């Protein structure tokens with residue numbers, strides 16, 4: 001049996017599907033069919049929905065990696081894309097986040113919305129894996145930000 005921590009990506013996709021009240025930018029192309037998402041898996045429809053909406057594109061075009069853990073950067077990116085990828089207006093002060101990082105705008109948005117913060121004023125630790133409690137906090141804050 002796979003430990004709960006390793007099911008985080010699949011769980012997050014399922015939770016995002018449940019919170020589908022976010023305005024979403026639809027993906028222009030058909031969602032990929034991930035070869036590692038078994039038919040009938042509890043997260044199959046959630047992963048498909050997230051791929052169709054452009055929230056995730058997987059690790060590759062064919063691999064979703066449902067049993068891998070997620071990083072803080074990945075979580076804020078999923079939430080940012082689920083919200084329609086709005087352009088943030090503020091800057092961030094984290095010295096461990098490069099402006100050309102794939103998650104830079106997502107993190108700017110998440111901080112601006114009060115969804116995410118750093119471990120300190122200077123450190124976000126984007127590559128740190130997230131615990132289930134952190135995902136719950138990110139999701140709750142995102143729903144609070146969305147509902148004003």
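FYI, it's all coordinate maths here, none of it is from the lab. Small disclaimer: the values here were computed from a predicted structure and weren't measured. Cβ atoms come from the backbone with ideal geometry, glycine included; neighbour counts cover every protein chain shown.
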Quiz item: So how far apart, in nm, are the two label points at residue 102 and residue 123 if each is 7 Å from Cα heading toward Cβ?
Solution: 2.4
Quiz prompt | residue 136-residue 52 pseudo-label distance in nm [points 7 Å out on the Cα-to-Cβ vector] | solution = 3.0
Practice problem: Give the Rg/Rh ratio for the stretch 26-148, taking Rg as the radius of gyration of the Cα atoms and Rh as the Kirkwood radius, to two decimals. | Solution: 0.97
